[in-house]
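S.K.: Below is a structure I'd like to ask you about.
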Amino acid sequence: MAEHNADNLQSELLSFRQNWQEEITNEQGGTQGRRSRHNSEKDAPLTQEERATQLFLEGARYEKEGQLQVAVYYYRQAVHLVPDIEFKIAESQQHADYYGDSDVEEEEEDDGELDPHAGNQLMECMTNSFRLMNMTGLCSPEKPQTATHISVLPTELLSSLFRWVVSKDLDVKSLAQLSLVCKWFYVCARDTEIWKQICLRVWGINCDTALYNNSWRQMYVDRPHVRVDGVYISTNTYIHIGEPTIGSHYKPCHLVEYYKYLRFFADGTVLVYTSADDPQTVVQALNHPPYRDASIQSGFYRLTEGDKISIWYSRVLKPKKDVSARGRANREKPEVREHHFFMTLTLKSGARRRNAQLLWEMYRYEIKNLKTGKSTESDIPFSSFKPFVFSGVRSYLSHSLNSI
């Protein structure tokens, strides 16, 4: 009985060894078949799309190594063959990630060179790098020329020129127009350091980019702020009752239209002006000092509580000299009064323009007698005042005196 069990065990062990050897032989044959098919595919001529894919991947490899000029050359060759090669590679990679490719994974495992998941990560990295390079590629002259093209300038020098375009006056509109020249200018106009300096000049140290996806430019676009490339105008009217004519008891009524102007500067100052003149003539008077009208008041503003703007300005009223009957000026010291005005406005964005309106919240004045030291305060009714509406003026930021 014991001998019979030993014989059965030996026969089962021999059968297991034979089956195991057959399986190994079949696997080696299948692998060699796949490799032979793969080698035959390599020997076949490449299609235009396959050639473009190789150039694309080669450019991505050089870009990863820091050789941008060589990478640009390969990218241009790939795009010349297949203009949308970037999207085709991205779609094929997404398809491979979703459905998987067992043959490729087995081949990579057999070669023992690449991890199965490393190819997916590398492809994603290359695709993102090409998308970035597609935006940051250097510009080139449209037509052959003998003069030196601006593309020979280093990026650091071009960024310095962009800072002069923005200047201390924060001409962000010109920066946006400059970014439309080419892809290289577009990337230079998105320089994080430029937008950081812009935000610091607008809000000072009260800047938190965490609320805006850690983007300085996004914070400037989304966060309320006054515009400095124009003037805010409030159009108001009142009724003036005239004097009756001779022989008549009728008193004519006149509808008088006048305007309130606010012009903000990037350094925190503001001009306040009220006039019945046409806005086209007044905006030129607010361009730069010296101002021709003495009634133009200069004050200060600051952004508070998100969309609130606090404005303070003052003026000094000196009475005319009182001349006595003897022709001498009255030696008594005249009373000099200081008028301080305080405004609180709320920024509001329209359907098509951001920060284009200022709504009235508070308007108050204080009169201080410099001789007696007494002061009185009072509120100015503003319910009849219309909101300020922004109007752009090109000449305000046409000159740049300092870099930001």
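We did not get these values from a lab; they are worked out from the coordinates using the rules stated. Bear in mind the structure is a predicted one, so any value in this text is a computation, not a measurement. Every residue, glycine as well, gets a Cβ built from its backbone with ideal geometry; the counts of neighbours run over all protein chains shown.
S.K.: What does the charge count near ARG364 come to, summing +1 for each Lys or Arg and -1 for each Asp or Glu among other residues with Cβ under 12 Å from its Cβ?
M.R.: Overall, the nearby charge balance is -4.
S.K.: Starting from the Cα-Cα distance between ALA285 and SER140, subtract it from 0.36 nm times their residue separation and give me the gain in nm to one decimal.
M.R.: The ALA285-SER140 span can extend by a further 47.9 nm.
S.K.: Let me ask something else. Work out the P(r) tail for segment 151-222: percent of alpha carbon pairs separated by more than 20 Å, whole number.
M.R.: Values: 727 of 2556 pairs.
Summing the P(r) of segment 151-222 above 20 Å gives 28 percent of all pairs.
S.K.: Once label points are set 7 Å from the Cα along Cα→Cβ at both THR235 and TYR250, what is their separation, rounded to one decimal in nm?
M.R.: 2.9 nm
S.K.: Once you have the Cα-Cα distance between ASN214 and GLU65, take 0.36 nm times their residue separation minus that, and quote the gain in nm to one decimal.
M.R.: Gain on stretching ASN214 to GLU65: 50.9 nm.
S.K.: Exposure proxy check: HIS288, HIS249 ranked by fewest other beta carbons within 10 Å?
M.R.: With the sparsest Cβ surroundings first, the list reads HIS249, HIS288.
S.K.: Sticking with this structure for a sec: Assign one of three labels to segment 352-404, namely rounded, prolate or oblate, based on the Cα gyration tensor with a ≥ b ≥ c the square roots of its eigenvalues; rounded applies when a/c is under 1.5, prolate when it is not and a/b is larger than b/c, and oblate otherwise.
M.R.: Taking the square roots of the gyration eigenvalues as a ≥ b ≥ c, segment 352-404 is oblate.
S.K.: State which entries of LYS143/LYS168; LYS168/LYS368; LYS251/LYS374; LYS196/LYS308; LYS173/LYS260 exceed 32 angstrom in Cα-Cα distance in the structure shown. Let's see the in-between values first.
M.R.: Working: LYS143/LYS168 35 Å; LYS168/LYS368 35 Å; LYS251/LYS374 41 Å; LYS196/LYS308 22 Å; LYS173/LYS260 25 Å.
Those over the limit are LYS143/LYS168; LYS168/LYS368; LYS251/LYS374.
S.K.: Here's another thing I want to ask about it. According to a simple spin-label model (label point 7 Å from Cα along Cα-to-Cβ), what is the distance in nm between TRP203 and GLN77?
M.R.: Result: 4.8 nm between the two label points.
S.K.: What is the sum of charges around SER378, taking Lys and Arg as +1, Asp and Glu as -1, for the other residues whose C-beta is under 10 Å from the C-beta of SER378?
M.R.: Here the count lands on -2.
S.K.: Counting pairs of alpha carbon atoms under 8 Å apart in space and at least six apart in sequence, what relative contact order in percent does segment 151-222 give?
M.R.: Averaging sequence separation for qualifying contacts and normalising by length gives 22 percent for segment 151-222.
S.K.: What's the extension gain from PHE300 to ARG354 if we count 0.36 nm per residue and subtract their Cα-Cα distance?
M.R.: 17.2 nm is the gain from fully extending PHE300 to ARG354.
S.K.: Can you tell me the order of 183-189, 47-53 when each peptide is scored by its average per-residue count of other Cβ atoms within 10 angstrom, highest first?
M.R.: Answer by packing, highest mean first, reads 183-189, 47-53.
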